[in-house]
Structures are given as C-alpha cells and as structure tokens.
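A short write-up of the structure that comes next.
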Amino acid sequence: MDGGRQIQLQIRDAEGHASTSMDAISTKQSPSPNVRPKRWTWWFIVALNIFFLLAGQTAATLLGRFYYDQGGNSKWMATLVQTAAFPILFIPLFVIPSSPDTNAVRPPPIAKLVLIYIVLGLIIGGDNLMYSYGLLYLPVSTYSLICATQLAFNAVFSYYLNSQKFTSLILNSVVLLTFSAALLGIGSGSEESQSIPKGKYALGFVLTLGASATYSLILSLMQCTFQKVQKKETFSVVLEMQIWTAFFATCVSLVGLFASGEWKTLRGEMHGFAKGRVSYLMVLVWTALSWQLASVGVVGLIFVVSSLFSNVISTLALPIVPIFAVIFFHDSMEGVKIMAVLLAIWGFVSYIYQNYLDDIKAKKPVIALET
C-alpha cells in the first residue's frame, strides 16, 4: 500500500493546523484576484480529485487481492506495482503550471534532498513489501481495517516528531483504533480460510500492523522534510517528493525481485493464472495505474484544499473496501468484524473532529485590544 497509503501526505505545521480555507489558498497561490477560480470550478476539481483518490485506492487494494486469489504469488511483484507507474506523475508536473512562490526561500542542497529521497524510498519499498505480505495472508476486509490503525500511529509519531498536540479526542481515537485491531487479532481463528495458508493469519496481521506504523512514520518524516528542509509546500514540491521517493522505492522492488529469484517464476505464474495470461498482465497494469491514480488524487487535494483534507478523504476507503470485499470476495462480516468496523469508524471520527477544531481555531481572527 503506497500508497493507498504511500501517497497520503500529511503536511501540517507544528501546531497541527493544516487546513486552509479556499480564500486563503487563492490569496496564497494566485498573483491577483482576477485569476481566482470560480466556486463551481473549485468544487469540480475537489470532487474530481476525491474520486481519483477513493477509486484508485479501492481498486488497487481489490486488484491486489484478486492477483493472489487467481494464482499470483510473487510478493515482490505485488510490491513493485505499488510504485512502478510513478512516471505518470510527470504529466501533471510538466502540464500544470507552478504557482508563484510568494515566500521564496533558498533551496536546500541537491545532495541533501537526494539523500532524503533515497532513505524515504528505501523505507517505502520495505513498507510496501509488508503490505504485500499482509494482503496475501489476510482477507481484504480485515486487511483494510488494520490499515486504519495508521491514524493512531500517525498521532503518536506526529506528537514526538512534529510537535502535534495530544488531546483527549486524539487519545480516544488511538484507544479505539487499538481496540479495533485487537478485536481482529482475537477473532483470527474464524478468519482463516482455504485461500489463506494455515497459520499465516498471525504473520499477515503483524506485518500489516507494522506496515501501517511504518507508513505513519513516513508521513511524519515527509512532514519534517517540508517544514525543516524545503521550508515550503507548493504543488511542484509535493509532486516531486511523490515522484522521487516512488522512483527509489521502485528500484528497491526491482532489486528484491531479482535477488529473491522470484523473477524466474513469473512466466509460470502468468501461464498458470486462473483467468489467463492477458488477465494476468491487465491485473498488474491496472493495479499499478490505480495506485498512481490515487497518488494524483492525493496531490490534487493537497494543492487545492489542504494536506489534512487529503488524509481525511484517503481514510474514507475504510468502510468502502470491506463492502466491496464482501460483494466480490465473499469475505465474512460477522459480529467481531462488525464491532471492529464500528470502533474504527468511531476512532476515525474522533480524529477528524479534533482536526476540525484545530482548523476552526487556526482560522479565528486575532483582535488586538488598544490600551
């Protein structure tokens, strides 16, 4: 999950005030009021990016499970497709003009940026591999619910690395999401099926949980990079971060694919795919494109609204993926999992409401009293 996951950037300031109003964004990014987009145009762009994000993330997760169910078994190939289509992001980078930077700062040394991109790319590659194992060993609905714990991990890492406040609502969110994951762990016996190797559920659970924690760490490290190294947040800067970290993560996946010897089994895997060779190739291609479609949505929402709003929308896949998993993969939705869903949604709402309060506080005008 890269996405779905990889590309959900949370670039908030040290006080956790990420969201900005439409007027504030227009003032910041437009050289004059005459170029401010019309309200209906702004809403159309927002709606389009929301669709890209939700459709891409949901489709990529479901296609990843379909790949395994139909005979695919290469974990490194499943990891590779999460970032391999990153060149598509060059299209918006070159086509969409960069807005003028009114708060120009001296750019950091190229060598320093490259080192950051390499380190983050290595971490993302390992994180994607853990997600690939988790999706192999878990029902897709359970996998999606465990991924929701990234909000809880994100709150913890943001507290220590980005000086985010740890309020009662945030604490409530962490506790609820932790209980949700614990319930799924307790109910592991009923989750194992013939399609999942015996005894692998616990491994998938731990790896998915670890991947969610690692992904949250990546978000906080990216936030630190924007705040302390690049010291700005523009469309091109955010998109370049996406592209180059994905490039190095793809290199990691290619090295793993050849070093592990899994590349030798790909031909036999393609011929043995239950739906045929063409379907095998199409699944890989559309999975890769779906992850990058989600990336475009993430970057678009960061640019036109805020990074916080982008992160909020990405987590809406929480109730969407399990529903489609029940329809297409006949995953069970029994008592324990339903309770886990409700707890996760409750924790999600608590987390978002706290950020809404922070946003309101950030927008409140400061009135100076004359003496």
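The values are calculated or read from the model by the stated rules, or taken from the named source; none is laboratory data. Predicted model only: the values in this text are computed from it and were never measured. Cβ placement follows ideal geometry from the backbone for every residue including glycine, while neighbour counts extend to all protein chains displayed.
Points to keep in mind about this one:
- For segment 215-236, a residue qualifies if it is touching a Phe, Trp or Tyr at 6+ places or on another chain (Cβ under 7 Å), assigned to a helix (DSSP H, G or I) and more than 18 Å from Ala294 (Cβ to Cβ), and the qualifying residues are Leu217, Ser220.
- Summed over segment 321-335, the residues that are part of a loop (DSSP other than H, G, I, E, B) and either in contact (Cβ under 8 Å) with a residue 12 or more places away in the chain or touching a Leu at 6+ places or on another chain (Cβ under 6 Å) (or both) give a count of 4.
- Entry remark, segment 200-213: residues being out of contact with any Ser or Thr (no Cβ under 8 Å at 6 or more places or on another chain) and buried (at least 21 other Cβ atoms within 10 Å of the Cβ) number 4 in total.
- The residue list Pro92, Pro87 contains one member that is crowded, with 16+ Cβ neighbours inside 10 Å and either assigned to a helix (DSSP H, G or I) or at pLDDT 90 or above (or both), which is Pro92.
- Where a residue in segment 147-170 is within 21 Å of Leu207 (Cβ to Cβ) and its partner, wherever it lies, is part of a loop (DSSP other than H, G, I, E, B), with Cβ under 7 Å and at least six apart: Cys147/Met1; Cys147/Arg5; Ala148/Thr315; Leu151/Thr315; Asn154/Gln10
- Taking each residue of segment 106-119 that is in a loop (DSSP other than H, G, I, E, B) and looking for partners that are among the aliphatic types (A, V, I, L, M) with beta-carbon atoms closer than 7 Å, six or more apart or interchain, yields Pro108/Val229.
- If only residues of segment 122-173 that are surrounded by fewer than 22 Cβ atoms within 10 Å (Cβ to Cβ) and modelled with pLDDT of 90 or more are counted, the one that is farthest from Phe348 (Cα to Cα) is Leu122.
- Ala325 in contact with an Asp or Glu (Cβ under 8 Å, 6 or more places away or on another chain), surrounded by 21 or more Cβ atoms within 10 Å (Cβ to Cβ), among the aliphatic types (A, V, I, L, M) and at pLDDT 70 or above: yes
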